[in-house]
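Input: a single structure, listed below in structure tokens.
The values are calculated or read from the model by the stated rules, or taken from the named source; none is laboratory data. Bear in mind the structure is a predicted one, so any value in this text is a computation, not a measurement. Using ideal geometry, Cβ is built from the backbone for each residue, glycine included, and neighbour counts are taken over all protein chains shown.
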Amino acid sequence: MYPSVRPRRLRSRPAIRAMIRETRLHPSRFVLPVFVVEGEDIANPIASMPGNFQWSVDRLTELAKRAQDAGVGGMMFFGVPDDKDAIGSGAWDPAGPVPRAITAVAQAAPELVRWGDVCLCEYTDHGHCGPLAGETVDNDATLPLLAKASLTYAEAGAEIIAPSDMMDGRVAAIRQALDNAGHPGIPICSYSAKYASGYYGPFRDAADSAPAFGDRSTYQMDPPNIREALREIAQDEAEGADMLMVKPAGPYLDVIAAVRASTDLPVVAYQVSGEFAMIEAAGANGWIDRDRVMMESLTGIARAGADIILTYFAIDAAEKIT
Ligand code: PBG
Ligand code: ZN
């Protein structure tokens, strides 16, 4: 009790604070999501995501080198194809932007761990995450298509396959397809607890993937639920997932902590486009200190229990850590 107990004693100078610090960020924990378009010499700025661009493969390799130099752990690839159709067949085109980007980054920045996001919404003309049956996504018809896309990315050099579609059974379907095709060593990071979130707005501009009608609430999770997240986690673990993701991150720190407590697998959190955009916008207005809030937001996500953080701040944050 006060006055014998004085917590301020351990805050008196930077070296003491550093010694007792409980959470430390490291660039190797960060994965940078990127958007890849067809064509050459393209860097289209994304208005709602300052500092982020839709890159053609040749320009993306420059960014990959910067990320590697900053010590960033990995890069996650999203495709923005020219042509779309009802079933999203561009997702398994070996000449599509993502397979080409993966191969090019493997050459240009071999230290970066290459993560292939697997979903069909960037490739379907209706913007949903799989082929439709009436007004909703046909779960079981989607599974073999996700498996095909996963194989295409694995064959291009993806080192982690990350399905973000939220179909039931996709981890098992992808695991089986990878194993049968001679890729038993490629891990799956499942977007296990992915919520139907308003925070994805800027991403859907960047990836041109907004649903043409309705929303994703018949497949992504309902934001009020946390026990359901633990059921999703257990299911994906049983199907053979190697890592488990919670998304978004900042508004779901309780979910990250609960997932951390319920599994021994690595826990991944995705600080999504809307979280990034809010910090950038408030920073640009001078309402908050952008760099300080960037680091604080990432520290909070790590403190909640995330081992790995997907973040559009990956390079900037890595450069601030020495
Ligand atoms: C697509 C996908 C989305 C994000 C990652 N993969 C958007 C969505 O589900 O509509 C969002 C990422 C972000 O907002 O940064 N399945
Ligand atoms: Zn999708």
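Can you work out which of the residues in the range 281-310 that are over 25 Å from Ala193 (Cβ atoms) and among the acidic types (Asp, Glu) is nearest to the chain's Cα centre (by Cα)? Spell out the reasoning first.
We begin by selecting, within the range 281-310, every residue over 25 Å from Ala193 (Cβ atoms); these are 281-292.
From what is left, the residues that are among the acidic types (Asp, Glu) are 289, 291.
Details: Asp289: 25, Asp291: 21 Å.
Result: Asp291.
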Margin query: What's the number of the only condition in (1) closer than 28 Å to Ala302 by Cα; (2) over 18 Å from the mean Cα position of the chain (by Cα); (3) buried (at least 17 other Cβ atoms within 10 Å of the Cβ) that Arg13 fails to meet?
Written below: (3)
Next item on the list: Determine, yes or no, whether Ala281 is within 16 Å of ligand 1 (Cβ to nearest atom) and modelled with pLDDT of 95 or more.
Entry: yes
Next item on the list: Run Gly240 past the list (1) away from ligand 1 (no atom under 16 Å from the Cβ); (2) over 18 Å from Leu32 (Cβ atoms); (3) crowded, with 20+ Cβ neighbours inside 10 Å and report the number of the one that doesn't hold.
Entry: (3)
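Report yes if Tyr200 is within 12 Å of ligand 2 (Cβ to nearest atom), assigned to a helix (DSSP H, G or I) and of a type in the set (Ser, Thr, Tyr), otherwise no.
So Tyr200 fits the description; yes.
So, in the range 181-220, of the ones that are in contact with a Leu (Cβ under 8 Å, 6 or more places away or on another chain) and hydrophobic (A, V, I, L, M, F, W, C), which residue ends up farthest from Ile308 (Cα to Cα)?
Initial filter on the range 181-220 (in contact with a Leu (Cβ under 8 Å, 6 or more places away or on another chain)): 181, 183-184, 186, 188-190, 192-193.
Applying the additional criterion that residues be hydrophobic (A, V, I, L, M, F, W, C) yields 181, 186, 188-189, 193.
Numbers: Ala181: 28, Ile186: 18, Ile188: 14, Cys189: 11, Ala193: 15 Å.
Restricting to residues being in contact with a Leu (Cβ under 8 Å, 6 or more places away or on another chain) and hydrophobic (A, V, I, L, M, F, W, C), the top hit is Ala181.
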Notebook entry, point to check: Can you tell me which of Phe276, Phe313 is under 15 Å from the mean Cα position of the chain (by Cα) and within 22 Å of Ile161 (Cα to Cα)?
Noted result: Phe313
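Look through Leu120, Leu145, Leu132 and report the one residue that is within 22 Å of Leu32 (Cα to Cα) and touching a residue at least 12 places away in the same chain (Cβ under 8 Å). Full working, then the answer.
On the way: Leu145 fails: within 22 Å of Leu32 (Cα to Cα); Leu132 fails: within 22 Å of Leu32 (Cα to Cα).
Answer to the check: Leu120.
Considering each of Val293, Val259 in turn, give the residue that is buried (at least 22 other Cβ atoms within 10 Å of the Cβ) and not aromatic (Phe, Trp, Tyr). Quick ask: steps written out before the conclusion?
Values: Val293 fails: buried (at least 22 other Cβ atoms within 10 Å of the Cβ).
Exactly one residue qualifies, and that residue is Val259.
Identify the residue in the range 59-118 that is in a loop (DSSP other than H, G, I, E, B) and within 16 Å of ligand 2 (Cβ to nearest atom) and, among all such residues, is surrounded by the fewest Cβ atoms within 10 Å (Cβ to Cβ). Steps first, please.
Taking the range 59-118 as the starting set, the residues that turn out to be in a loop (DSSP other than H, G, I, E, B) are 70-73, 81-84, 86-88, 93-96, 109-112.
If we keep only those that are within 16 Å of ligand 2 (Cβ to nearest atom) too, we end up with 81, 84, 86-88, 96.
On the way: Pro81: 21, Lys84: 20, Ala86: 11, Ile87: 19, Gly88: 26, Gly96: 24.
The residue in question is Ala86.
Which residues, counting only those in the range 219-231, are assigned to a loop (DSSP other than H, G, I, E, B) and away from ligand 2 (no atom under 13 Å from the Cβ)? Don't jump to the end; show me each part of the working.
Residues of the range 219-231 that are assigned to a loop (DSSP other than H, G, I, E, B), as a first pass: 219-220, 222-226.
Those that are assigned to a loop (DSSP other than H, G, I, E, B) and away from ligand 2 (no atom under 13 Å from the Cβ): Asp222, Pro223, Pro224, Asn225, Ile226.
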Item checked: Count of the range 36-48 residues which are within 19 Å of the chain's Cα centre (by Cα) and surrounded by fewer than 20 Cβ atoms within 10 Å (Cβ to Cβ) -> 2
Note to self: Tally up the residues in the range 150-192 that are buried (at least 23 other Cβ atoms within 10 Å of the Cβ) and within 13 Å of ligand 1 (Cβ to nearest atom), please.
What the structure shows: 8
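In the range 148-170, which residues are assigned to a helix (DSSP H, G or I) and either under 18 Å from the mean Cα position of the chain (by Cα) or touching a residue at least 60 places away in the same chain (Cβ under 8 Å) (or both)? Even if it seems obvious, please write down each step before you answer.
In the first step, residues of the range 148-170 are kept if they are assigned to a helix (DSSP H, G or I); the result is 148-156, 170.
Within the range 148-170, Ala149, Ser150, Thr152, Tyr153, Ala154, Glu155, Ala156, Arg170 meet the criteria.
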Check: Checking Thr136 against (1) surrounded by fewer than 16 Cβ atoms within 10 Å (Cβ to Cβ); (2) within 15 Å of ligand 2 (Cβ to nearest atom); (3) on the phi > 0 side of the Ramachandran plot, which single condition isn't satisfied?
Finding: (3)
